[in-house]
Every structure is written in structure tokens, then in C-alpha cells.
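First comes the structure, then the notes that go with it.
The values are calculated or read from the model by the stated rules, or taken from the named source; none is laboratory data. Quick caveat: nothing in here was measured; it's all calculated off a predicted structure. Don't worry about glycine lacking a Cβ; one is built from the backbone with ideal geometry, like all the others, and counts go over all protein chains shown.
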Amino acid sequence: ALKAGIVGLPNVGKSTLFNAITQAGAEMANYPFCTIDPNVGVVEVPDERLQRLVEIVTPHKTVPTAFEFIDIAGIVKGASKGEGLGNKFLQHIREVDAIVHVVRCFQDDNITHVSGKVDPLGDIETINLELILADLDQLEKKIERSRKNLKGGDKKVVAEVECLERIKEALYADKPARSLELSDDEKLIVRDLHLLTMKPVLYAANVSEDEVANSDDNPFVKIVRDFASAEGAEVIPISAKVESEIAELDGDDKAMFLEELGLKESGLNRLIKAAYRELGLYTYFTAGVQEVRAWTIHKGTKAPQAAGVIHTDFERGFIRAEVVSYEALSTNGSMAAAKEKGLVRLEGKEYLVQDGDVMHFRFNV
Ligand code: GDP
């Protein structure tokens, strides 16, 4: 499953949010490939289409696709230099696909703020600086190693050093690595460095429970929005406290509580959907009588690799896929009806799987 790491200064509401995530957690038996670790929360990705597929197919079992959140505590000023939990937490962030940066936007005099006052911009900059410093450290080591190979005059090494220097310059100017336009070759050069500032970021603006319906009236949220939009990043206003209350409710109670608060869906769901958008992810479905199930792939994944998400044997022995779009299946109400109209296609190895495709793979064992 793809993972997002939760970062933020102390006392901004990370643990409250993370506890809500683990409370809301998925039935782990369905996700044997997910990490079992107290710092990892596995959640099911909300998708309205699954319910409709269940109506159409009436399967024995329904399994949404999953997403992991990792609690990355201990980031403080000086972390990149080993303060607080120091470099250990940075190692955890290297493994994630996206970062959820929790920013305190709630006022509460009983809860101390590390810098004495609520200051979202200052908080964001503190964390971002630590991430930049950690990346610089990584880059400088790599540049040093690459320079040793420069003597041969190999064009590839020259290009590599140039690319690394360019990123270094950006970091020195307080710009995250993701702000640079990189060619495919350059992306390959930096991929193994797992730079923290290369990862997409979502800002979770933690507002108090009575502000959650009108979070944009909170001036701190506006500050976070201005900062994020300059970076092209998304802001999800959320109340960690409300999320922890929502997580304890189910079904109708949850819906009623959300309505009372004036919300359409939980902050956690909005966060998961935003992470999906940010990471360029698609969902495709398998829909048999045994099981209707959602699977996560990256945009641009071809049919055999999409099959490989289910099982490596499916990828290895891939022959063809039978594909119908969710819309076509939903509108026609049954697989047979969709087939009759010629809406079920046979696709081969080069087929780019689309969001919402309902797929049936044929493969050799
Ligand atoms: P962390 O250090 O970032 O993990 O922060 P915690 O989740 O432990 O939260 C710090 C304190 O802030 C706790 O006492 C929480 O109950 C409180 N807190 C978190 N979110 C909110 C909120 O939305 N409103 C209020 N009033 N308090 C909150």
C-alpha cells in the first residue's frame, strides 16, 4: 500500500489525528501486505463506486483498497542535526510516498505552543528547514562521491553532478527539490536519494472543533492556504479532535454527527482523497461473485503491471484483460447488458489502465 507520513511540530495535534486514523482502521486480515507497526495506521480508501458494484454483482465479500499513514513524531528544530529523535525519524520519512504536514491553527491557552504562540507560517518554515537541511546533507555526500568519478569525463557523470548541484542550489534558496522541473533522466538520478523535499506535501490545518464547518474564517487557515498555493500544494482543514470523535462512531451515528457539524464527509476521507490526487493514483476494480475489490495503481500503469498488484503470477502470465469502465457497467446494470452493447473490451499488454476500470485478467499459470 502507498504511505503518507504525518509530520509537524510537537503539540499541533499529530497524535490526536493519528489515533483517529488507527481507530478508523481497516480490517487487517484483508491487507496481509500492509505493515504491522504501532506507528502505522492502515485505512480503507473511501470510494462511492464500490457500493454500486456491490449492488450489481452481490458478492460474498467487499474489499476497499488501503492506504497507510505513518506517525513520524519527534521533528523539532535541529532534528536534522540529531536533536530530539533526530535522524531516526528522518529515516522513516524517506520511505513514505507523500507527507502530511499538520499545522496548528487552533487557539487553546491550555496547550503550550513550542514557540509560545500560534504561528502556522513559522511552524511550517521550521519543519521545512529541517527537511531541507537533511536533504542537503544527503546531496553533499552524493556529490562528493560522484565528483570522484568525474575524472573519466563520462558525460553521464557530468550530467549527474550538474543535476545534483542544481538541486543543491534550490535547497540553499529555501526551495524544496520538488519545485524544480526535472527531466526523466534527472528524476532517475535523484530517485535513489529519496529526498524528503521531493515528496508531495499536503497541509492539514488543524482547527478547533467549533470552527470546522467554517474553517476558512480562521485567519491562520488563510495563512496556510497562501503559503501552500504558492507551492502548488493542497490544504485540508481538519479538526483532529473531531476526527477522534468521528472515529468512535459508525454508520448512521457517524452520518448524523457529520451533519450536525455541517460536514459532508470526515476530514480523514478528505485527506485520503487529496493524497490520492496528489500522488496521481487511480483505482481499478475486480468484480466477481466471490469478491468485489478495489486496487490502487499509479496513473500510466499498463494492464500486466496492474494485474501484478493482485499477484505477481498475474503479471508474469498475463494474456489479456477484459475491461469495462465503471460508468458503462453502472449505467447498464449488469455485465451481461454491458457485453451486449459491446462495452466490454479485450485489451492487451500495452493497455493503459484507466481510473474506474473494472477488469478481469486472463493469464497462464
Ligand atoms: P502532537 O504533539 O502533535 O502529537 O499533539 P497532540 O495530538 O498530542 O495534541 C496536543 C494537545 O492538543 C492535546 O492535548 C490535544 O488534545 C490538543 N488538541 C489537538 N487538536 C486539538 C483541537 O483541534 N482543539 C483543541 N482545543 N485541542 C486540540
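Here are some notes:
- Single unsatisfied condition, residue 289 versus (1) buried (at least 20 other Cβ atoms within 10 Å of the Cβ); (2) away from the ligand (no atom under 16 Å from the Cβ); (3) β-branched (Val, Ile, Thr): (1)
- Exclusive hit being part of a helix (DSSP H, G or I) and under 30 Å from residue 266 (Cβ atoms), set 141, 222, 187, 156: 222
To keep it simple, each residue is scored yes or no on (1) buried (at least 19 other Cβ atoms within 10 Å of the Cβ); (2) more than 21 Å from the chain's Cα centre (by Cα); (3) at pLDDT 90 or above.
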{"site": "111", "(1), (2), (3)": "no, yes, no"}
{"site": "127", "(1), (2), (3)": "yes, no, yes"}
{"site": "136", "(1), (2), (3)": "no, yes, yes"}
{"site": "142", "(1), (2), (3)": "yes, yes, yes"}
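- Listed conditions (1) at pLDDT below 80; (2) within 25 Å of residue 233 (Cβ to Cβ) are all met by residue 82, apart from (2).
- Inter-residue pairs, beta-carbon under 9 Å, first in the same structural domain as residue 101 (by TED's automatic domain parsing) and in the stretch 256-271, second at pLDDT below 90 and among the basic types (Lys, Arg), 6+ apart: 258/264; 270/264
- Residues that are of a type outside the set (Lys, Arg), surrounded by 20 or more Cβ atoms within 10 Å (Cβ to Cβ) and over 20 Å from residue 118 (Cβ atoms) do not occur anywhere in the stretch 214-222.
- Leading residue by the ranking (farthest from residue 63 (Cα to Cα)) among those in the stretch 10-31 that are more than 7 Å from the ligand (Cβ to nearest atom) and in a loop (DSSP other than H, G, I, E, B): 24
- Meets criteria (at pLDDT 90 or above, away from the ligand (no atom under 16 Å from the Cβ), in contact with a strand residue (DSSP E or B) (Cβ under 6 Å, 6 or more places away or on another chain) and not in a helix (DSSP H, G or I)) for residue 54: no
- Identity of the residue in the stretch 202-219, in a strand (DSSP E or B) and of a type outside the set (Gly, Ala, Ser), that ends up farthest from the ligand (Cβ to nearest atom): 202
Condition check ((1) touching a residue at least 24 places away in the same chain (Cβ under 8 Å); (2) of a type in the set (A, V, I, L, M, F, W, C); (3) under 23 Å from residue 124 (Cα atoms)) across all residues:
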site	(1), (2), (3)
151	no, no, no
163	yes, yes, no
172	yes, no, yes
179	yes, no, yes
183	no, no, no
190	yes, yes, no
204	yes, yes, yes
208	yes, no, yes
212	yes, yes, yes
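- The single residue among 265, 243 that is within 16 Å of the ligand (Cβ to nearest atom) and either buried (at least 16 other Cβ atoms within 10 Å of the Cβ) or not in a helix (DSSP H, G or I) (or both) turns out to be 243.
- Counting the residues of the stretch 321-365 that are outside any strand (DSSP E or B) and over 27 Å from the mean Cα position of the chain (by Cα) gives 21.
- Among the residues listed as 59, 38, the single one being more than 25 Å from residue 237 (Cβ to Cβ), within 16 Å of the ligand (Cβ to nearest atom) and either touching a residue at least 24 places away in the same chain (Cβ under 8 Å) or not basic (Lys, Arg) (or both): 38
- Matching entry among 38, 46 (being within 29 Å of residue 209 (Cα to Cα), modelled with pLDDT of 90 or more and surrounded by fewer than 20 Cβ atoms within 10 Å (Cβ to Cβ)): 46
- Selection count, the stretch 298-320, where residues are among the aromatic types (Phe, Trp, Tyr) and in a helix (DSSP H, G or I): 1
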